[in-house]
1. Look at the range 8-28 and say how many of its residues are in contact (Cβ under 8 Å) with a residue 60 or more places away in the chain and of a type in the set (Val, Ile, Thr).
2. Taking Leu108 as the residue in question, decide whether it is open to solvent by less than 40 Å² (accessible area, probe 1.4 Å) and either part of a loop (DSSP other than H, G, I, E, B) or within 30 Å of Asn5 (Cα to Cα) (or both).
3. Would you confirm whether or not the range 27-48 contains a residue that is over 17 Å from the mean Cα position of the chain (by Cα) and farther than 16 Å from Met7 by Cβ?
4. Take Lys31 and decide whether it is within 30 Å of Pro221 (Cα to Cα), touching a residue at least 40 places away in the same chain (Cβ under 8 Å) and out of contact with any helix residue (DSSP H, G or I) (no Cβ under 8 Å at 6 or more places or on another chain).
5. Are any residues in the range 120-149 closer than 16 Å to Tyr56 by Cβ, in a loop (DSSP other than H, G, I, E, B) and open to solvent by 10 Å² or more (accessible area, probe 1.4 Å), and if so, which ones?
6. Which residue is nearest to the chain's Cα centre (by Cα), if the candidates are limited to the range 8-26 and must be exposed (fewer than 13 other Cβ atoms within 10 Å of the Cβ) and charged (D, E, K, R)?
7. From the list Asn5, Asn74, Asn69, exactly one residue is farther than 25 Å from Thr157 by Cβ and surrounded by 14 or more Cβ atoms within 10 Å (Cβ to Cβ). Which is it?
8. Based on this model, can you work out whether Ile91 counts as open to solvent by 50 Å² or more (accessible area, probe 1.4 Å), touching a residue at least 40 places away in the same chain (Cβ under 8 Å) and of a type in the set (A, V, I, L, M)?
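The values are calculated or read from the model by the stated rules, or taken from the named source; none is laboratory data. Computed from a predicted model, the values in this text were never measured in an experiment. Because the Cβ atoms are built from the backbone with ideal geometry, glycine has one as well, and the counts that use them run over all protein chains shown. SASA here: full protein model, heavy atoms, side chains in, ligands and nucleic acids out. Shrake-Rupley method; radii C 1.70, N 1.55, O 1.52, S 1.80 Å.
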Amino acid sequence: MMTQNAMGTLEVSDLSYSYIGRKLLSGIYLKCRIGDVIGVLGRNGAGKSTLLRTIYGMLPEAFKHVLINGSYFNTPFLSGKIAYCPQENFIPEHMRLSEAASFLSRELAASLKADARISSLWQHRFGSLSGGEKKYFEVLFLLHSPAEFILLDEPFTGISPIYQQDIIRTLTQWRTEKGFIITDHDYRTLMEVTTSRMIIITGSLHAFKSEADLRRYGYLPTGKIRREHRHAK
């Protein structure tokens, strides 16, 4: 029986994934509530994208236990309660923004169209947009979906600071209705937008709060290394 405390909660436990005999992720536990914006850092190859894809249900060979609002889902994306924005664009290049919005309810499509940056692009084909416009539209599209939990894989990478700030603003506006798990390499932007932060170290998740913590984990160079680097230049 579902408890009231389970409502508005995505809980992932015992998540593990191995690739070609190498254990990439092991014993991951993560809990996201509506209102949470959880940031996940990690070096290239650490398993950030794999973590999100496993939570979403794209890697059936991975081991995981996913509860959404207290109910177990072997394939979470079939619940309709979770959405995933990969690094690569998922909207077809030939599709007009108005066509993509037709997959939403009429009310939500109208709300999406009303966005100041989107309204003038409404009849444009997705392929004609800039990288920042594409990412902004995809994030906004998922925010207007029925999903309660949004997984964003490197949404700030490769786009201009203007669109980074637009995405931050939009996520902040939707926090009362959604929960977020976000990966990115841009740790400063990630720290700006998130309510809690984790880093993947040798397949496990560790909490961090500051740049000093990231230096302690070896994600950022120490002050001494930076001074030596400047001297070498």
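1. Selection size over the range 8-28: 2.
2. Working: open to solvent by less than 40 Å² (accessible area, probe 1.4 Å): no; either part of a loop (DSSP other than H, G, I, E, B) or within 30 Å of Asn5 (Cα to Cα) (or both): yes.
Taking the combined requirement at face value, the residue does not satisfy it.
3. yes
4. Numbers: within 30 Å of Pro221 (Cα to Cα): yes; touching a residue at least 40 places away in the same chain (Cβ under 8 Å): no; out of contact with any helix residue (DSSP H, G or I) (no Cβ under 8 Å at 6 or more places or on another chain): yes.
Judged against the criteria, Lys31 is not a match.
5. Listed by number, the residues that qualify are Ser145, Pro146, Glu148.
6. Filtering the range 8-26 for residues that are exposed (fewer than 13 other Cβ atoms within 10 Å of the Cβ) and charged (D, E, K, R), the one nearest to the chain's Cα centre (by Cα) comes out as Asp14.
7. Asn69
8. It is false that Ile91 is open to solvent by 50 Å² or more (accessible area, probe 1.4 Å), touching a residue at least 40 places away in the same chain (Cβ under 8 Å) and of a type in the set (A, V, I, L, M).
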